[in-house]
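All remarks here apply to the structure that follows.
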Amino acid sequence: MSDLERRGGSRPTRKQREQRAYRLVLATGAFGLAGTAGLILAIVGIIGAGLPILALIIAAICFMMFRRTVR
């Protein structure tokens with residue numbers, strides 16, 4: 001017990017958390033915009049609805065990861 005040391009590197013620094021949150025916000029916005037625009041085009045009949053739905057699912061995952069990062 002005399003050689004107890006702090007564990008290094010288990011939590012990211014504040015700057016790393018800020019950068020991750022920023023990237024997740026950008027990804028959420030990009031995937032959300034692409035999914036929304038794709039769904040509108042799918043409703044009009046120009047493209048299929050598969051990729052826009054996938055983009056919206058990825059946007060939701062990015063949003064959940066963002067919430068977890070800033071919690």
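Assorted remarks:
- Residue with peak Gaussian network fluctuation, the chain [Cα springs, cutoff 10 Å], from A37, A59, A27: A37
- Mean shadow area of the chain, taken as a quarter of the surface of its Cα convex hull (nm²): 6.3
Readers should treat all values here as calculations from the given coordinates under stated rules, not as data from a laboratory. All of these numbers come straight from a predicted model, not from anything done at the bench.
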